[in-house]
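*Asks:* My questions all concern the structure below.
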Amino acid sequence: MPSCGRIYNLDSSINNRASSLWNRAGSPLSVYDGTGGSGQLATYGAFGPTINLPSNFNDRISSVYAPC
């Protein structure tokens, strides 16, 4: 994400294709099933480790949000 405080829709090259996540931001990162922040799946803590997404979230993330 280029900056915090707004919702980003994932580029078509990674939309619904994520199998892992690494939150390097200084704030929690929320991930969503739909574009524009619809259908929240989960929130991951700031500066978290790289994780493999649970099978029920695999290949479903379409947008992300990190507050400032």
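Please treat every number below as a calculation from the coordinates, not as lab data. Because the structure is a prediction, the values reported are computed rather than measured. Ideal geometry is used to build each Cβ from the backbone, glycine not excepted, and the neighbour counts take in all protein chains shown.
*Asks:* Given the criterion surrounded by 16 or more Cβ atoms within 10 Å (Cβ to Cβ) and among the polar types (S, T, N, Q), identify the matching residue among 12, 3, 62, 38.
*Replies:* Numbers: 12 fails: surrounded by 16 or more Cβ atoms within 10 Å (Cβ to Cβ); 3 fails: surrounded by 16 or more Cβ atoms within 10 Å (Cβ to Cβ); 38 fails: surrounded by 16 or more Cβ atoms within 10 Å (Cβ to Cβ).
Residue meeting the stated conditions: 62.
*Asks:* I'd like to verify a number: residues in region 7-51 that are without any contact (Cβ under 8 Å) to a residue 40 or more places away in the chain, out of contact with any Phe, Trp or Tyr (no Cβ under 7 Å at 6 or more places or on another chain) and of a type in the set (S, T, N, Q), how many?
*Replies:* 5
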